[in-house]
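Participant: I have a structure I would like to understand better, so I am pasting it below and will then ask my questions one at a time.
No lab work stands behind these numbers, since they all come straight from the coordinates. Note that the coordinates shown come from a computational prediction; the quantities given were computed from them, not determined experimentally. Every residue, glycine as well, gets a Cβ built from its backbone with ideal geometry; the counts of neighbours run over all protein chains shown.
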Amino acid sequence: HVGPAPFVLAGAAVVATAAGAILGARAKAVASEASAEPLDLRSDRLASSARGLAIGANVGYGLGAALAAAAVVTFVVQLP
């Protein structure tokens, strides 16, 4: 009997990966805006924001991968 844990972990993996994708897309848009900005101070702020968003995206992808791996392991361990 397989309990709900692997499915909960898989769902969390999907959510984390989706969050990573959204943050990544936003980071790309902000980085594009920063490179098009003629004022150095605003450009620096935007670039810094883009870096922060990119880090958040990478965390989301990493967390999603770890949760997906945990879901697979949990599922396999619970197999009869």
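Participant: Compute the helix-to-body angle for 5-36: its Cα long axis versus the longest principal axis of the chain, expressed 0 to 90° and rounded to tens.
Facilitator: That helix lies at roughly 10 degrees to the long axis.
Participant: Now, a different point. First obtain the Kirkwood hydrodynamic radius of the chain from its Cα pairs, then insert it into the Stokes-Einstein equation at 25 °C and 0.890 mPa s, and state the resulting D in µm² per second as a whole number. Mind dumping the intermediate values first?
Facilitator: Numbers: Rh = 14.0 Å.
It diffuses with D of about 175 µm²/s by this estimate.
Participant: May I pose another question? Calculate the dipole size of the chain relative to its Cα centre from +1 charges on Lys and Arg beta carbons and -1 charges on Asp and Glu beta carbons; express the result in debye to the nearest 20.
Facilitator: I would put it at about 80 debye.
Participant: While we're here: Would any residue of the range 1-42 have its amide N under 12 Å from a label point 7 Å out along Cα→Cβ of Arg51? List them or say none.
Facilitator: No residues fall inside that zone.
Participant: Going toward the positive end of the dipole of the range 15-80, with +1 on Lys and Arg Cβ and -1 on Asp and Glu Cβ, which of Ala66, Ile55, Ala27 do you reach last?
Facilitator: My answer, from the dipole projection, is Ala66.
Participant: Further, regarding this structure: Tell me, in nm to one decimal, what length is gained between Ala65 and Leu79 on full extension, where the rule is 0.36 nm per residue of separation less the Cα-Cα distance?
Facilitator: 2.9 nm
Participant: Hey, what angle do you get for helix 40-78 against the long axis of the chain, alpha-carbon based, 0 to 90 degrees rounded to 10?
Facilitator: Roughly 10 degrees, rounded to the nearest 10.
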